[in-house]
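See structure below.
The values are calculated or read from the model by the stated rules, or taken from the named source; none is laboratory data. Being a predicted model, the structure only gives us computed values, none of them experimental. Cβ placement follows ideal geometry from the backbone for every residue including glycine, while neighbour counts extend to all protein chains displayed. Note: areas computed on protein heavy atoms with side chains; ligands, DNA, RNA excluded. Shrake-Rupley method; radii C 1.70, N 1.55, O 1.52, S 1.80 Å.
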Protein chains: 4
Amino acid sequence: MPSLPQPRRTPRQARSQALVEAILEATARVLAERGYAGTNTNLVAERAGVSVGSVYQYFPNKDSLITALHERHAAQMYTVIDTVLANSQPRTLRAHIAAMVHALLAAHRVEPELHRVLEKEFPFFDAPKDQSPADNSIQQRVRQLLEQHRDEIAPRNRDLATWVVLQTLDSLVHAAVIDAPSQFAPSAVERAIVEVLMGYLAGAAR
Amino acid sequence: MPSLPQPRRTPRQARSQALVEAILEATARVLAERGYAGTNTNLVAERAGVSVGSVYQYFPNKDSLITALHERHAAQMYTVIDTVLANSQPRTLRAHIAAMVHALLAAHRVEPELHRVLEKEFPFFDAPKDQSPADNSIQQRVRQLLEQHRDEIAPRNRDLATWVVLQTLDSLVHAAVIDAPSQFAPSAVERAIVEVLMGYLAGAAR
Amino acid sequence: MPSLPQPRRTPRQARSQALVEAILEATARVLAERGYAGTNTNLVAERAGVSVGSVYQYFPNKDSLITALHERHAAQMYTVIDTVLANSQPRTLRAHIAAMVHALLAAHRVEPELHRVLEKEFPFFDAPKDQSPADNSIQQRVRQLLEQHRDEIAPRNRDLATWVVLQTLDSLVHAAVIDAPSQFAPSAVERAIVEVLMGYLAGAAR
Amino acid sequence: MPSLPQPRRTPRQARSQALVEAILEATARVLAERGYAGTNTNLVAERAGVSVGSVYQYFPNKDSLITALHERHAAQMYTVIDTVLANSQPRTLRAHIAAMVHALLAAHRVEPELHRVLEKEFPFFDAPKDQSPADNSIQQRVRQLLEQHRDEIAPRNRDLATWVVLQTLDSLVHAAVIDAPSQFAPSAVERAIVEVLMGYLAGAAR
DNA sequence: GATGAATGAGTATTCATTCAT
DNA sequence: AATGAATGAATACTCATTCAT
C-alpha cells in the first residue's frame, strides 16, 4: 500500500497553484481520453503547456498525479455532499439521501470518462481511507447525518452503516454514470439508488 | 473501449487445456503478488513453466490474459450462484439472497488478493456486460430469481432491479473482502449486505 | 564499492559469445571516441549492430559494460605477461622486467584511447582487486617472478614489492602511452620505466 | 580533449572569493560523498548555501568545478612540496625525496575520499600538464631539485627524469592512500615509495 | 549581483511481441 | 506445436543551464 504521495513543494504562490491546477487538469483530460496505459508524463506536461521538469517540480512521480486527482475528486464530492446536507431546511432522512444522490449523480455526469478512469482503473491508488483527508471528511459528514436520524434507522452499528452507505453510494453512482444500460431512464436509476439506501437504513425488510 | 480479446485457438485437446489452465493460474498468482504493473508476459510464462511463445499461442496479447481470468472468475461465480439457487428446497427470497451472499463471500475469501486486483485494477477490462457469457448467465439466473418472487418485491422494473442487485452485490462483496475495516465482524458485514439487498427488494422504505 | 557485475546469462553458444564480443567491441570503440559521458547504451547497441534489448540480455546495466571491458583488458594483459614470462629461456630479472615492459607498452599502443578511458576515467569501476580473477592472476604471476629471483632483490617484503611493482608498472605504462610528452622518445621512456622498476628491485639506492 | 575551463569572472572581491571557496568546498564534499554520478550542480549550490545561479556566475559549467578543484589540489601540493624543499638545511637528495614523500602522504591522508575521486574518477580533467599553472610550478620545482643534485643522479635526460619522478610519485602516493592493502604498514609503504624513486635516480641498478 | 523556478534535451531500461529454429 | 533469443518502441525521470525578477 503506497503512502499518499505529496507534492514535492507545497505551492504557496499563486503562480505555482495555477501550475499545479493546469497539470491536474491536463492529467484529468489525458486520463479520460487515453486511460492509464496511454497516459504519460511528457504528454501531460505538453497538454498543460508546461515542461516535464515542472511536472516533476510538484509531483514526485506519475502515480502521484493520479493520487492528487483522486484527492481532488474526493474533496469536490465532499463539498457537494456538505453543501447538500448543510444548506437545507429541516428534512426527512429520505430527502437528504435523495438530495445527495441527485447532487452526486449530477457531479459525476460532468466528466463521466474521467470518473470512469478514476473509479475503475485506480481505486487502488486510494490511500488507506483514513489517510485521505477528504474521504475522511465525507465519512464524518455522513456519519453525522445518520447520527441525527438515529431514531429512524434500523442498523444498530452506525459505523458499519456509514461504511455500507458510502460503499453502496459510491459504487452505484459510478455504475449509474458509467455502466448503466441505456434502456434505463436516468431518473429511474436515480430513484433505485435512493431505494437501495433507504431500504437498508429504514430496514423495514426485517 | 477495447473489444473482448478471444483466445487465438480454442483448445480442444486435453493437453492444450492443461496449458491454458497453467497459464491462467500463473497469471492469477503473478497478478495477485505483483499487481498489474509488476505483471509481464515473460514472467507469467516462466511461472507457468512454459515458453512465452506458448502463451501467445493461446492468448493474442497480454490483456487477453486478464480478460480470460475475469471470465473464469465470472464463470466460477456463476457456478456458485447457480448451485446455491438450484439445489435448495423451497425458500424465502431472503433465504436465497442470504445464501448467495454467504456463498459469494466464501468464494471471494479464497484468494482475496487476486480478487482485489481483478476487481479494483481491472474492472475496466470488463467487456460490455452482454458480451461476457458468464456475466450474462449470472444476470439471467438472478433475473429468474426475482421473477420467481415477483410478488414479494417492490421494484416494478425487474431488469433494472436485476442490474441494481448485481451491481450492489458485486461491489459490497468485494468491498467486504478487500476494504472492510477490521473492526467490523465478518458476520455483521455479511448481514448488512443482505439487509441492503432485501431492503431494496422488499421495499422496506416505502 | 559496487560488486562486480556479472552477465545476466553466461553465453555458452557460439552465437551468444559473438554477440557479447560485438557488444564489448562496440563499447570499447564508443568509449574511446566519446568518453563515459558520451557513451550510451543505445549507441553501443547500434554500433554493435544489435538491439538494445540484446545488450540488456547479457549486461544488467551500463556500468557492467565498462566492468567487463576492464576485466577483458586485465585478462589480455595477463596473457601478455604470462606469455612473456613463460616462454623464455633462462634470463636475468632485468631481462624479464624489460620484456614485460616492452610487451605491455606494445599492447597498450594498440588502442591508446581506449586505455586512456579505461585507466583514467574508470579505475573506480575496478572491483576490489581480489575479486577480479585476471588481476589476481597477474599478481600471482609477478609475485612468482620475484620469488624466483629472491636472491637478487632488495625489498624484503615480497608482497609489498609485488604491489609496488604492479602499481608502478601500471601507472607508468599508461602514462607512457597516454601522457608522455612527445619530446620523449618512446624507447627512452621504455628504458626509464625499466630503470624505475629495476632500481627499486635491485636496491640501487641503498 | 576539453580545453581548460576558466572561471567566468576572476573574483577579486573578498566576498566573491569566499563564495568561490564555499562552492569549491561544497563540490569537494559532495564529490567525496557521492562520486561524480551523484554530484550535481543544484546539490552543490545547496550545500554551499548559495543559489545555482551564483554557481554559474563563477563557473561556466559543471566540469569547471572539478577542474578548479584539481587546480586547487595541485596548488596545495605545490605549496607542500615547495615548503619541504625550501626551508630545509643542506640535505642529501634522499633526504629531500623522503621529506617530499612524507609530506605528500600526510597531505593526502586528510581527505582520502576526495583525493580518490579526484585522482581516480577525474584525472581525465587534467589539462595538458603545461596548461595547469600549479602543475607547472611543481614540475619546475622538482626539475630544480634534480638539477641541484645532477651529479648524484643516473638519468641523463633530466626532463624525462622529472616526468618519471612526478608520474611515479603521484601514482604511488595516491595508491598508498587509496588502494594499499591494509596488511602493509603505512611506514613500510612510505619507505618503499622512497626506494622506488631513489632506485631510479641513484641508478645503481645498471 | 543573487535568486531559484522553469526548461527540455537526453538516456537507461523494460517488456510485449515476433519468428527462426 | 513449442521454444526463447532477439527486437525496438516506448517512457519515466534527471539535471545542466537559463533568465525574469
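Numbers for the structure displayed
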item	result
Accessible-area composition of the protein assembly as shown, carbon plus sulfur, in percent [1.4 Å probe]	49 percent
Cα-centre dipole for chain D with unit charges at Cβ (Lys and Arg positive, Asp and Glu negative), debye to 20	300 debye
Chain B: DSSP helices with Cα axial extent of at least 27 Å and average Kyte-Doolittle hydropathy no lower than -1.0	B:14-34, B:62-86, B:158-178
Top of B:N61, B:N40, B:N87 by mean-square fluctuation, Gaussian network on chain B, Cα under 10 Å	B:N87
Number of Lys pairs (Cα under 30 Å; 8 or more positions apart or on different chains) in the protein assembly as shown	29
Most fluctuating residue given options C:Q144, C:Q17, C:Q89, as computed from a GNM of chain C linking Cα atoms under 10 Å	C:Q89
1.4 Å probe accessible area per residue over the range B:35-96, in Å²	46 Å²
With 20 Å bins from 0: P(r) over the protein assembly as shown, alpha-carbon pairs, percent	12, 31, 23, 20, 11, 2, 0
Dipole of the range B:14-202 [Lys/Arg +1, Asp/Glu -1 at C-beta], most positive-end residue of B:V165, B:L24, B:G38	B:V165
Calculated FRET efficiency for the pair B:R15/C:N40, C-beta based, R₀ 41 Å, to 0.05	0.35
Convex hull volume of chain A per residue (C-alpha atoms, cubic angstrom)	134 Å³
Per-residue average of Cβ from other chains inside 10 Å of B:26-33	0
Interface size A-B, as summed buried accessible area [1.4 Å probe, Å², nearest 100]	3000 Å²
Fluctuation leader among A:L169, A:L145, A:L118 - chain A, Gaussian network, Cα springs under 10 angstrom	A:L145
Structure-based [θ]222 nm, the protein assembly as shown - -39500 (n - 2.57) summed over DSSP H runs of at least 4, per residue, nearest 500	-22500 deg cm²/dmol
Counted charge near B:R72, where neighbours are those whose Cβ lies closer than 11 Å (Asp, Glu -1; Lys, Arg +1)	-3
Neighbouring partner chain Cβ atoms per residue of C:188-199, average, 10 Å criterion	6
Listed residues A:Y200, A:V189, A:Y56: farthest to the positive end of the dipole of chain A (Cβ charges)	A:Y56
Equivalent ellipsoid dimensions for the range C:144-206 as semi-axes, Å, which come from the Cα gyration tensor, largest first	25, 12, 9
Peptide C:179-185, shielding by other chains (average Cβ, 10 Å cutoff)	4
